[in-house]
Every structure is written in C-alpha cells, then in structure tokens.
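The values are calculated or read from the model by the stated rules, or taken from the named source; none is laboratory data. None of the values given here were measured: they were computed from a predicted structure. Quick reminder, even Gly has a Cβ in these numbers, built from the backbone with ideal geometry, and neighbours come from all protein chains shown.
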Amino acid sequence: MSSDASAIQFFSGFQVNDLWFLAEAAGGTLLISAIAISVGTFFGCLFGWALTASRWTSLTLGSVLDVFRSVPLIIQLLLFFNFFPIIGLPIDPFAAGSIVLIFYTSALVAQVARGGIEAVPASMRRASRSLGMTYWQDMRYVVWPVGLRAVLPAWAGVALGVLKDSALVSVLGYLELLRASQILITRTQEPFIILSIVGLFYFALSYPISKTTAKLEQRWQYD
Amino acid sequence: MIELKNVEKKFGDLRVLKGIDLSVKRGEVISIIGASGSGKSTMLYCINALEQIQGGQIVVDGIDVHDKSTNLNELRRHIGMVFQQWNSFPHLTVLENVALAPRLVLGKSKEEARHIAEKQLKHVGLGDKLDVYPTRMSGGQQQRLAIARALAMEPDYMLFDEVTSALDPELVGEVLDTLRLLSDDGMTMIVVTHEISFARDVSDRVAFFHQGVIEEIGPAQQLINDPQKARTQQFLSKVR
Ligand SMILES: Nc1ncnc2c1ncn2[C@@H]1O[C@H](COP(=O)(O)OP(=O)(O)OP(=O)(O)O)[C@@H](O)[C@H]1O
Ligand SMILES: [Mg+2]
C-alpha cells in the first residue's frame, strides 16, 4: 500500500511546482551564461587585441586559443572537473563549469575581436594617428566603435551559442535547464511538455541578446 | 621648416628611399610627381613618423622627428595629412569627425571644438552638411571633410598624398580648388599628385621622384615645361 503511494507520487504528472523548478534551473542557465559571456567577452577582447598586437603573441596565444576552440566543450568540462580532485583540490560543478565556459567564450570572442580590429582599414588608423591621437585614443574612439559595428552580429552569434552550449555543464551535475528537464522527464514521463517549456525558457533567455543587437545594428546603419 | 637630410628608408631588403634631401620653407608649396612605387607616399609617412627611417635625418622646426625623445603626438598636431582614401570616421557625423581630434588632442571643450569644426567645414564648403553622416556624401565631399579635419588642428604644414586619385573625374576639381584655397591662405604644403597642371600652376617648386631618389627639382613652371633630365622628360611626356 504505502510503497504504491510513494510510487504514484514519484511518477506523478507535470505539476505547477515543476514550473518553479524549471524557472530556478533557467536561473542557473542564465547565471552561468551571463558570467561566461560577460567575463569571456572581456578577456576575448583583450586576447583579440593581443592577436593583432604582434606576430609573437599572434602565434603563441593563437595556438592556445585554437585548443579551446577545437576541443569539444564537453571534453574540456570533464577534463577540467576531474583534474582538480586528482591534485587534491576538489572543485564544485558551478566553478568548474564557469571557468571552462569563460575560456571557451574568450577563445571564440578573441577571433571576433581580432576580426573587428582588422576590419578597420590601416589608412583610417593612420589618419587618426596623423591627427595626433595616441595609440589608445585611436583604439578607443576609432577602432572600437568602427570594429564593433562590423562584428556585432558575429559576437551575438557567439553569445547565443554559449547560452545554448551552457547546457553541457549539466554533465558535471550543475542544475540548469537541460539537467532539470532530464530530472523531470524521468519522473513524469512527459518529455513533450517539459521540453517545450524548456525550449521557451531558452528562447526567453536568447531574445534580449538577439533583439538588442538587432536594434543596435539598425541604429548604427550609417545614415 | 621641414628638412630631409639624406633620408634612407627600407622595407626589409627593399630600399624605398635612397638618400632624399629636401627642404620646405614656411609658406612654400611643393608638388611631388613620379611613377608609381617611386617612394612618394613613403616619404610623406616618414615626415610625420607614421613610418620609421633607417638613415639620415628629418627635422621639422628644429625638432628631430625620428629622435627617440620626440613626442610624436605633439609633433603631429603641427603636420596635417590627407590621404588618397578619404578615411572619414563612419560612425561620426561630419561635425564630429572634425571636432574629435581638437577635443582629444588639443583638450578643447565641446563648444570650442564645435566652433572650430564649423569654421573649417564652412571654409571647405561643407557648412550645410554638419549633421550628415559621411557615408552619405560624395567622394569629393568626403575628401574635403578630410581636409577640414586636418585643418581643425591648426597645423603649420599640410601633407597631401594623391588626394584626388580615388575620385571620379568630375569631383577632382572641387578638391583641387580647396587645395588652391589653402595655398592662397599661405599654408605650407607638400602635395604628392598626378595632376601635372595643378603642380605647375599652384606649386612654387616641383620635385620629380624616380626609384627612391629626387631625380630633378626646380621651380614649377620650369620643371614641368622645360625639364632638364631625360627621365623627367620621359615621365612628363607619358602623363601628358
Ligand atoms: N608597408 C610596406 N611594406 C613593404 N613595402 C612597402 C610598404 N609600403 C610601401 N612599400 C613599397 O615601397 C615602394 C614605394 O611605395 P610608395 O607607396 O611610397 O610609392 P608611391 O610613389 O607613393 O607610389 P603610388 O604612386 O603608387 O602611390 C613600393 O615598391 C611599395 O611596394
Ligand atoms: Mg603613393
């Protein structure tokens, strides 16, 4: 009797409470993606600049970043997460996931940023230097705005990709949308409803990024 | 005064300037003519240290341009430069294009910079375009914008690198007229150009470049109408 009751509870259908559970998981996705995208973009811009700064940095940093771009994210996550306990430093899934996603994002953004800097014609930069602007004034007031406008769509692509790829952090046990959906599907056996809701959550998280960048692009049509 | 003394410039193993001697006095207009690849642009870039030199010396108003202790950003305030590509800053309006450097480099207030920009833009005939974005303008207008942008720094010298070469033929005139205006104002100018009649009519002297050396230099009328060296004669007969 009692074992039946608990079984029924365990395999119960989708409930309102589960929506809260998914919302909380969406918060997990949002948190780790926001950290990865913001910190990763910051470092990505620095790396992108370094890639253009000298041949030497371009070669060394370039090949390091290539590793992060080409090794599948899931392998990076598992390697990193399992490496620390070996050297006696346990690390929690959130920290490990954030760090790996930051590296991954910055490697992708670095290429975008390099492209942005290179999109500014050398002659335009000579023109600003010939006006007496310093290297950093040229960077800040000419290269940054002109380059940003050129590569904003590419950056948005990276950001949206990272948001979706953050689902892979679920393999470490971090509670985000994908992991929450798996837990609920196992319990409710209602994959269709749950995956639809999860899809909506992902869309809601992506929408501000795509909407904002589209708006900026429109405003920046040079006219 | 701009003085080049035995200036040598190399790109790797390629010797581009092979001992250039040239001095330009205040108020003088010098045109540089010569075949493509003879080093005309490179010489201009060396004068405001956009390029390094490997030998010789360039002195502007007593300052050794390529000395390590020279403050290049300070030096460049005094030397305006306009390029073949007009290089408008596409994200800024015409007014902002001109006001940017006075604000950043000269530390002018927003109001002062605006005032300076308006004045220079009116001078080159763009007074009605202040709030337009440059990509909306013709090449000739953008090139005049580039001239106004350089003039806004109130330079003592202006360097022009084939400023009409990328323009449609019907737009060349308005830019050359702007250069004439500057010459009438008494501006000291070095003008790299393919416009031979402009060189003859507007400049005081003309220098003919050939493979990294000044093959011949002299008063404009005389060098264009009656060149002494065979190579100069050859070049002029081809471009005319
Ligand atoms: N950054 C560079 N690196 C290597 N070689 C260069 C560079 N800039 C110019 N050169 C070479 O130096 C030589 C002189 O070039 P420069 O642009 O000064 O010629 P120019 O007289 O201005 O020709 P044009 O009439 O085509 O503008 C050319 O052979 C050119 O290929
Ligand atoms: Mg040239």
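Observations on the model:
- Of all residues in region A:177-223, those satisfying the criterion of being of a type in the set (Asp, Glu) and within 14 Å of another protein chain (Cβ to nearest Cβ) are A:Glu217, A:Asp223.
- Selection from region B:1-19 of residues that are under 22 Å from B:Tyr157 (Cα atoms) and surrounded by fewer than 16 Cβ atoms within 10 Å (Cβ to Cβ): B:Met1, B:Lys5, B:Asn6
- Subset of region B:152-166 that is closer than 21 Å to B:Ala99 by Cβ and surrounded by fewer than 24 Cβ atoms within 10 Å (Cβ to Cβ) - its residue that is farthest from ligand 2 (Cβ to nearest atom): B:Glu154
- Residues of region B:75-105 classified as more than 7 Å from chain A (Cβ to nearest Cβ) and within 30 Å of B:Glu8 (Cβ to Cβ), total: 6
- Identity of the residue in region B:156-178, assigned to a loop (DSSP other than H, G, I, E, B), touching a Gly at 6+ places or on another chain (Cβ under 9 Å) and within 16 Å of ligand 1 (Cβ to nearest atom), that ends up nearest to the other protein chains (Cβ to nearest Cβ): B:Ala166
- Only one of the listed residues (B:Ala146, B:Ala150) is closer than 30 Å to B:Gly37 by Cβ, facing chain A (nearest Cβ under 9 Å), in contact with a Leu (Cβ under 8 Å, 6 or more places away or on another chain) and modelled with pLDDT of 95 or more. That residue is B:Ala150.
- Residue identified as closer than 30 Å to B:Lys129 by Cα and touching a Phe, Trp or Tyr at 6+ places or on another chain (Cβ under 6 Å) among B:Ile33, B:Ile116, B:Ile79: B:Ile79
- Residue pairs meeting the criteria (Cβ under 8 Å; at least 6 apart or on separate chains; first in a helix (DSSP H, G or I), in region B:179-199; second among the polar types (S, T, N, Q) and within 16 Å of ligand 2 (Cβ to nearest atom)): B:Phe198/B:Ser31; B:Ala199/B:Ser31; B:Ala199/B:Thr193
- B:Lys108 being without any contact (Cβ under 8 Å) to a residue 24 or more places away in the chain, in contact with a His (Cβ under 9 Å, 6 or more places away or on another chain) and farther than 27 Å from B:Val192 by Cα: yes
- For region B:1-82, the strands (runs of 3 or more DSSP E) that sit wholly inside it and include 3 or more residues that are under 19 Å from the mean Cα position of the chain (by Cα), within 16 Å of ligand 1 (Cβ to nearest atom) and under 24 Å from B:Pro219 (Cα atoms) are B:14-24, B:29-34.
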